[in-house]
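Following: one structure in structure tokens, then a few remarks.
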Amino acid sequence: MTTATHERKPRLDGKVAIVTGAGSRGDIVGNGQATAILFAYEGAEVLLVDTDEDRVKGTMDAIESHGGTASVFIGDVTSAESCRDIVRAALDRYGRLDILHNNVGIGGAGNVVEVAEEVWDQVMEVNVKSMMLTGKYAVPAMAATGGGSIINISSISAIRPRGLTAYTVSKGGVMALTQGMAIDHAAQGIRVNCILPGPVYSSMVAPGMSKERRDTRRSSSPLGVEGTPWDIGWAAVYLASDEAKWVTGVAFPVDGGVTLVSPPR
């Protein structure tokens, strides 16, 4: 008896994706960067969106070195005009839009007594409003070709507050926005899910991270393993793929089990 072997088809073959925040700060991989690289590896044509061309250059180089297809768009996702232009660029360059990965986000420390009003407003604008704006223009483009997948990056901070109240509220807002969009646009064939990363070692946190702090974060996971942006990226690949065709409105923790255990005191 012989068994036929088949080469695996890339999971995102024929799809077009937008990844916001696709660059990286420094030499450490970012969550958006890893996701964009994996999307391209799995066959998608990817529009790499960032505010800084230098940050996104490494992502573009990594994709091209493996024969992937991508291009760069420098834009600001807190601007409605820029979000409109981002979607137009994807359609002009690749002819359609199947995947929107909303990765842009900033931190926000302090409780409601401590936080400055302008900081609160900025965190809400960058972390929540930006996803509404990209969705405003991406949804009609996806609906025109039968649907697609939108993936929003939230955080386990949304379900496990830790002294970063503005950030926690914004990421809770991302969860609510995800569920609202999932219901609003299901009839158009659009799935909307969010990922809740745990204590991942990424370019966003690396500048302020000592070895001791990294060890503490690693040991906070029952698995005893440090999370990486590639873990977030592979979760996004699944949600973007047809394998997840019956998955929508989901908040997906990718955290090594951190939310299952009590925080250290």
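The values are calculated or read from the model by the stated rules, or taken from the named source; none is laboratory data. Model, not experiment: these values are computed from the prediction. Here the Cβ is made from the backbone with ideal geometry for all residues, glycine too, and neighbour counts use every protein chain on show. Accessible surface is based on the protein model in full, side chains and every heavy atom, while ligands, DNA and RNA are left aside. Shrake-Rupley method; radii C 1.70, N 1.55, O 1.52, S 1.80 Å.
Just checking the listed ones, PRO140, PRO197, PRO222: in the Gaussian network model of the chain with Cα springs under 10 Å, the one fluctuating most is PRO222. Between amide H atoms placed 1.01 Å from N, distances below 5 Å from VAL192 occur with ILE150, GLY249, all of them 5 or more places distant or on a separate chain.
Quick check: from the Cα gyration tensor, does the range 126-265 come out rounded (a/c under 1.5), prolate or oblate? Here the range 126-265 falls in the prolate category. Ordered by solvent-accessible area of protein heavy atoms (1.4 Å probe), largest first, the residues GLU118, GLU45, GLU7, GLU64 come out as GLU7, GLU118, GLU64, GLU45. On a per residue basis, the range 102-165 carries 44 Å² of accessible surface, using protein heavy atoms and a 1.4 Å probe. A 1.4 Å probe over all protein chains sorts TRP246, TRP120, TRP234 by accessible area into TRP246, TRP234, TRP120, starting with the largest. Entry for the range 1-100 at q = 0.10, 0.12, 0.20 Å⁻¹: log10 I(q)/I(0) = -0.28, -0.38, -0.92, Debye formula applied to identical alpha-carbon scatterers, no solvent contribution. For the range 36-155, the ratio of Cα radius of gyration to the globular rule of thumb 2.2 N^0.38 Å stands at 1.15.
Here ASP255 sits with roughly 20 square angstrom of accessible surface, probe radius 1.4 Å. Estimated purely from DSSP H runs of n ≥ 4, each contributing -39500 (n - 2.57), the mean residue ellipticity at 222 nm for the chain is -12000 deg cm²/dmol once divided by its residues. When the Cα positions of SER220, GLY58, VAL261 are compared along the charge dipole of the chain, VAL261 comes out farthest toward the positive end, with charges on each C-beta of Lys, Arg, Asp and Glu.
Figure note: HIS101, HIS185, HIS66 ranked by solvent-accessible area, largest first, 1.4 Å probe, ligands and nucleic acids not counted: HIS66, HIS185, HIS101. Rounded to the nearest 10 square angstrom, THR165 shows an accessible area of 40 square angstrom against a 1.4 Å probe.
How high is the relative contact order of the range 1-122, given as a whole-number percent (alpha carbon pairs under 8 Å, six or more residues apart)? Write out the running numbers ahead of the final one.
Numbers: 196 pairs, mean separation 33.0, N = 122.
For the range 1-122, the relative contact order is 27 percent.
Kirkwood radius, the chain, all distinct C-alpha pairs, inverse of mean reciprocal distance: 18.7 Å. Once backbone amide H atoms are built at 1.01 Å from N, PHE73 has LEU48, VAL49, ASP50 as its partners under 5 Å, excluding neighbours fewer than 5 places away on the same chain. A simple rule links phi to the HN-Hα coupling: the Karplus curve 6.51 cos²θ - 1.76 cosθ + 1.60 with θ = phi - 60°, which for the range 83-93 gives 5, 4, 5, 4, 5, 4, 4, 4, 5, 5, 7 Hz, with x for Gly and Pro. In the chain, a dipole from Cβ-located charges (positive for Lys and Arg, negative for Asp and Glu) runs towards its positive end, and of THR69, THR145, SER79 it is THR145 whose Cα lies farthest in that direction. Averaging Cα coordinates gives a centre for the range 71-118 and one for the range 155-222; these two points are 16 Å apart.
So which chymotrypsin sites (Phe, Trp or Tyr not before Pro) in the range 151-232 pass both tests, a DSSP loop state and at most 13 other Cβ atoms within 10 Å of the Cβ? Please list the in-between numbers first.
On the way: sites: TYR167, TYR201, TRP230; in loops: TYR201.
Answer in residue order: no site qualifies.
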